[in-house]
Structures are given as C-alpha cells and as structure tokens.
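A short write-up of the structure that comes next.
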Amino acid sequence: MSFASLDLHPYIIQRVTELGYSAPTPIQLAAIPVVLSGKDVMAGAQTGTGKTAAFALPLLQKIQLAKQSKDSEDIQALILTPTRELAQQVHASFEKYSTNLPIKSVVAYGGASINVQLEALRKGCDMLVATPGRLLELIMKDLIDLNGLKTLVLDEADRMLDMGFIIDIKRILKKLPESRQTLFFSATFNDDIFALSKSLLNSPQLIEVDSRNTTATKVEQTIYAVDQDRKSALLSFLIGSKNWQQVLIFTRTKLGADELAKEMQKDGIATQAIHGDKSQGARDRVLSDFKAGKVRALIATDVAARGIDIEQLHYVVNHELPYNAEDYIHRIGRTGRAGTTGLAISLVAEKEHYLLNDIEKLVGEQFIPQWLPGFEPDLNKIMSPKKRREPSKKELRAKALGLTSPKAKAPKKRRR
Ligand code: AMP
C-alpha cells in the first residue's frame with residue numbers, strides 16, 4: 001500500500017516522498033483514513049512506529065482544507081504530550097510535514113519563557129502542541145482561546161497518567177468544546193487508561209498495530225546478569241570492545257545518571273547525562289551533541305528520554321531495570337524505530353530479578369539472562385548466607401572448562 005492509496009492530498013504525498021518515506025507504516029495505514037473521516041480513535045502504538053505522522057498528516061490535510069474554505073484564526077488542533085521533549089519533537093514533525101503549507105504550529109511547555117510562547121501564539125496558531133501544565137497555565141490566565149478547537153490528540157496517554165497529569169487533563173478537558181474529534185494514543189493499556197479513554201472518546205475506532213503491551217518487534221533484547229558494582233565496567237567494556245558510537249543508557253534516578261556519567265568519562269567514553277534537574281538549554285545542547293556524534297553515550301532518566309527521536313539509534317542499555325515494567329517498553333522503543341533494527345541490553349543485578357519478572361509478564365516473553373565472560377555474577381556475593389551453597393559438580397566442571405560464556409548456562413534460577 002502506498003501513501004497515494006490513503007486519500008491524502010498530493011502536497012502531503014509529495015512531502016513524505018521528499019522525506020524518503022516509501023510506504024506508510026502499519027499505524028499510518030490504519031489511522032490515517034479514520035482520522036480523515038472525523039471519527040474518534042483509540043490507538044495502541046508505541047513510539048517508533050510512525051505514530052506522529054499517523055495523526056499529523058491527516059490533521060494537516062484537514063486544517064489546510066478548512067483554511068481554504070474559510071479564513072479561520074482559531075486553534076484547530078491541540079496535541080497534548082507528557083513531556084517537553086516529546087512536545088518539541090511532535091512540533092518539529094508538524095513543521096517538517098507542513099513545509100510549503102501556510103499552517104502554523106506552536107509549541108508550549110513549562111520550564112521555558114511563557115512570553116516567547118505567547119508571542120508565537122499571537123502571530124497565529126493552527127495547531128498547538130503543549131504539555132498539560134503549561135497549557136493549563138495559559139488557560140487559567142485567559143491567555144488562550146480554544147473555543148474553535150476541532151481535534152484533540154492525547155499522545156502517550158499512558159505516560160501522562162504515570163506522570164500524574166490526570167487532574168490537569170480533566171481541568172483542560174472542561175475548557176475544550178465538547179463537539180470535537182479526539183485521538184487517543186497510548187503505547188500500553190491498563191484499567192486506568194481504559195477509564196480515561198471512556199471519559200474522552202465517542203464510539204472510537206480501536207486501532208492496534210502491535211498487540212498490546214508488546215515490545216518493538218525489530219529490537220533484539222539481551223539480558224546480562226551482572227553484579228550491581230560491575231555494571232559500569234561492563235558497560236564501558238561493551239561500548240569500547242564493540243565500538244558502539246551512539247548508545248542511549250537508562251538509569252532510574254538523576255543521581256544514578258550523574259554518577260554513571262562520571263564513571264564512564266573516567267573510562268574515556270564521551271558521556272553526558274540528561275535529566276529533569278538540567279535546564280532545558282543544557283538538555284537541548286547535550287541532545288544535539290549526541291545526535292551529531294560528539295557525545296558517544298547519553299545517559300537519561302525515563303522522563304528526560306521521552307521524545308528522544310534519533311534516526312539510526314541502534315543501542316539502548318538499561319543500566320537498571322525500571323520499577324514500572326511499562327517503562328521497559330518505552331525505553332527499548334527508542335531503538336528499532338520505523339523499521340530499523342536495534343539492540344536493547346539490560347544489565348540485571350540479582351536484586352532486580354523481580355523487576356525482570358514483571359517485564360516478562362507484561363510483554364509475555366521469557367528472557368534467558370546471559371553471563372558475559374569476565375563479568376559473571378559472584379555467586380557467593382549474590383546469595384544470602386542461608387542460601388549459599390557449594391558449587392555443584394556441573395558448575396565446577398563448567399568453571400574448569402571456562403564455560404561461563406552466555407550460551408554455556410544461565411545463572412541460578414530466578415525467584416518467581
Ligand atoms: P514516531 O513513531 O512518530 O516517533 O516516528 C518514528 C520515526 O519514523 C521518525 O523519525 C519518523 O520520521 C519516521 N517515519 C514516520 N513515518 C515513516 C514512514 N512511513 N517511513 C519511514 N519513516 C517514517
């Protein structure tokens with residue numbers, strides 16, 4: 001199937017062709033006709049599947065047609081995103097797709113000057129991409145008029161709930177026209193997501209391109225069992241020995257991100273960390289250095305990494321597993337984007353095995369942790385004194401034969 005078969009206007013087709021998109025992705029194939037038809041959509045699509053274009057292309061077409069028939073000053077589409085990085089990225093996508101169209105997209109997020117955003121709004125705005133907090137501020141201060149809104153998009157709705165935006169979202173919804181089209185995108189689904197979608201959507205068309213809660217199909221996933229205090233050494237070893245040039249690494253905490261960055265810098269790897277304590281300017285600089293190849297390893301917390309879209313990012317490493325299993329799906333979705341392949345490596349210490357169990361349950365897949373020679377977990381260290389035992393004959397034999405390679409065996413059984 002081609003873009004031409006999707007009833008898209010020739011100027012949109014020309015633009016995606018210029019961008020090198022040869023065919024629509026599955027989410028685009030499924031969603032574009034429904035969005036064009038005006039129906040509400042509830043879509044299960046993770047990041048990297050081309051979901052932004054799935055709503056951006058038909059929205060641009062609708063706005064362009066509306067503008068041709070009536071000269072309207074109204075904000076016609078509102079896209080809510082959980083983080084400023086994602087907001088910037090969605091806005092950049094709109095700009096990319098609407099080159100040569102007289103459509104104005106504005107982005108508004110917290111942590112940056114509201115005056116600059118207001119100035120942009122004053123110059124005219126057809127589509128607004130915003131994070132909930134800043135949008136609410138604009139609404140409450142009566143600085144924005146959303147009465148002419150035709151379409152609301154909730155992007156990464158699951159993440160918005162995780163980040164505690166539900167109250168903000170409900171307050172925003174009260175200020176939007178009731179008669180509108182709503183498009184609801186979420187990478188994962190749970191009861192809270194269904195409850196929110198029910199309150200928002202009107203006879204939606206359900207679109208699922210991947211089965212729910214699945215990990216990106218083109219991402220190879222490897223789990224290394226390793227002691228906590230050996231993780232940074234193993235990471236530097238992998239990056240150095242395999243000559244990885246662009247690696248995105250996840251830690252659970254900001255402090256953890258900074259400490260790991262220091263360790264890796266000591267190992268001679270150009271590393272930077274981004275997290276919520278860094279200013280927007282600093283985050284943007286680090287990200288562009290990473291994209292330009294000046295920074296080899298980028299360490300990020302889950303929140304800071306939202307919206308990072310790097311073409312050809314092949315390597316994602318979980319230095320620590322996330323407490324929330326759904327974050328695992330989001331993390332590894334940073335690679336294997338739009339059809340490229342990727343490798344996601346998770347470094348798992350003994351005490352994290354319960355988190356691995358949660359991930360396995362969510363994605364419906366069982367992983368076999370591997371040992372990397374030279375970084376095998378210290379069995380004496382990881383077992384409680386009660387459980388500590390002499391190695392079995394099989395283990396002694398494997399050790400004597402040097403059979404501690406990944407394929408040789410998995411570490412001791414995980415607790416279930
Ligand atoms: P998204 O899932 O929206 O974050 O998109 C992931 C990446 O896929 C972005 O870099 C897009 O530019 C790219 N992309 C979107 N649609 C297509 C397509 N039909 N063909 C090739 N790349 C695409």
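Miscellaneous remarks
- Per residue, the accessible area of the chain comes to 45 Å², computed with a 1.4 Å probe over protein heavy atoms only.
- TYR109 sits with roughly 30 Å² accessible to a 1.4 Å probe, with DNA, RNA and ligands left out of the calculation.
- Looking at segment 62-104, the trypsin sites (Lys or Arg not before Pro) that sit in a DSSP loop and have at most 14 other Cβ atoms within 10 Å of their own Cβ are LYS70.
- Fraction of alpha-carbon pairs over 24 Å apart in segment 121-275 - percent: 55
- Using equal-weight Cα scatterers in the Debye expression, the normalised intensity of the chain in log10 at q = 0.12, 0.13 Å⁻¹ is -0.98, -1.12.
- Accessible carbon and sulfur surface of the chain relative to its total accessible area, %, 1.4 Å: 51
- Cα gyration tensor shape for segment 236-299, rounded if a/c is under 1.5, else prolate or oblate: oblate
- Summary of the geometry: segment 85-99 and segment 270-285, compared by the centres of their Cα atoms, lie 20 Å apart.
- The convex hull around the C-alpha trace of segment 3-208, projected and averaged over every direction, spans 10.7 square nanometres.
- By the helix-only formula, in which each DSSP H run with n ≥ 4 contributes -39500 (n - 2.57) and the sum is divided by residues, the chain has a 222 nm mean residue ellipticity of -12000 deg cm²/dmol.
- The accessible area of VAL116, taken with all protein chains in place and a 1.4 Å probe, comes to roughly 100 Å².
- Order of exposure, largest accessible area first, which applies to PHE165, PHE237, PHE55 with probe 1.4 Å: PHE237, PHE165, PHE55
- The charge dipole of segment 3-208, taken about its Cα centre with unit charges on the Cβ atoms of Lys, Arg (+1), Asp and Glu (-1) only, comes to about 340 debye.
The values are calculated or read from the model by the stated rules, or taken from the named source; none is laboratory data. Worth saying up front: this structure is predicted, and the values here are computed from it rather than measured. A quick note on method: Cβ atoms are made from the backbone with ideal geometry, for glycine too, and the neighbour counts reach across all protein chains shown. Accessible surface areas use protein heavy atoms only, side chains included; no ligands, DNA or RNA. Shrake-Rupley method; radii C 1.70, N 1.55, O 1.52, S 1.80 Å.
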